[in-house]
Structure formats: C-alpha cells, structure tokens
Amino acid sequence: ISALSALFAVSCALLATGSFLFHASVTREMQWLDMVGTYAALVAVIARGAVAAFGVRPAVAIAAALVADLLFALFKWSIPGTVALPLLIVVASVPIVRMVRSGRRSARAALLPGLLMLLAVVFRQLDVAGVWCLPESRVYQGHALWHLLTAASLGAVFFFFENAPPEART
C-alpha cells in the first residue's frame, strides 16, 4: 500500500468515525470531528491528484496534506463549510481536468465521481426539503444515501488518479 493510499484510508476512517459519532450524538464536538474528517478525505484526494497530474513528489504532497489537515482542524469553526467544501471540490477538480486534457484519462472516467456527487447532493437536498425523507423508516433514509453516494464519489475520484497511466517522459 502506498503512503498516499494510506493517507486516504486513514482520512476516510476519520470521516466515517466522525460522521458516525456526530449522527449518534449530535454534539458540537462530534460535528467538528465529522467536518475535519470530511476535509481530510478531500485533502487526501487533492494530494493524490497533485502527484498523478502534476508530478508532485508523494512525500511533498503528504506533508502539504497533513499541514492542510492541521489547519482545517485548528480553524474549523472559523471557516464556513459552505466555503471550504466547494473550494476543496474545485481544487480537487483541477488535477482531474489536467489528466483529461493531457489524454491520460478519459472524460468518461472523469464523469463518474462528479455524477455520484451530483446524485448525492440531489438526495441530500430532497432529504433536507422533506420530499424524500422517511424518518420513521428503519430501512430508507435519504441522508444515508447522501453518505453512501459521497463515499462512492470519494472512492471513484481517488481511483481515477490511482489507476491513471504514468505521464509520458520526453
């Protein structure tokens, strides 16, 4: 397992733990952990993308990711999620676009993570609006679909980079 894969796995484990504990307790402390995990998973994807698309050395990408994770943890309450999350998603899309434009990955492969995220957001908004929300159901929860689809999107974007052919050396 590569160090970047380990970073991604640990970040996703932090996200899963934080999300579970937040939804179980609905406390400010666990909300902090949930969001710090969310940021960490996206930062790990960005680190992997920087290596795959721009040739950043893995050690440099990991060090930068850990610094970013620390800063997000320290300043979580100073940075609105409505700013941080879209910004991280835009930054994560830059190496995706570069990989497609360089011909190292197809546009079709790049669409999967985006479509999964778009579908996740649709389910989340339907749940928030109470349109597709069945709180009394033990089986169906719109918010749970949001979590499953965002997890699938994170995995798809990470493997988009992980399975990219190496950059041609000239």
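Heavy-atom accessible surface of SER2, to the nearest 10 Å², is about 50 Å², with a 1.4 Å probe and all protein chains retained. Surface composition of the chain: carbon plus sulfur atoms hold 71% of the accessible area, using a 1.4 angstrom probe and ignoring ligands, DNA and RNA. The modelled label-to-label distance between PHE159 and VAL94, using points 7 Å beyond Cα along the C-beta direction, is 2.7 nm. Taking 0.36 nm per residue of separation and subtracting the Cα-Cα distance, full extension of the segment from GLU136 to SER25 would add 38.1 nm.
Taking the C-alpha atoms only, the angle from helix 142-162 to the longest principal axis of the chain is near 10 degrees.
In this structure the chain gives 58 Å² per residue of accessible area when probed at 1.4 Å with all protein chains present.
Estimated at the nearest 10 Å², the accessible area of ARG104 is 40 Å² with a 1.4 Å probe. Looking only at chymotrypsin sites (Phe, Trp or Tyr not before Pro) in DSSP loops with at most 14 other Cβ atoms within 10 Å, what is the longest site-free stretch of the chain? Looking at the chain, 1-74 is the longest stretch - no exposed chymotrypsin sites (Phe, Trp or Tyr not before Pro) with at most 14 other Cβ atoms within 10 Å. With contacts taken as Cα pairs under 8 Å at a separation of at least 6 residues, the chain carries a relative contact order of 21 percent.
The values are calculated or read from the model by the stated rules, or taken from the named source; none is laboratory data. Quick caveat: nothing in here was measured; it's all calculated off a predicted structure. Backbone-built Cβ (ideal geometry, glycine too); neighbour counts: all protein chains shown. Each accessible area value is taken on the protein alone, full model and side chains, heavy atoms only, with ligands, DNA and RNA left out. Shrake-Rupley method; radii C 1.70, N 1.55, O 1.52, S 1.80 Å.
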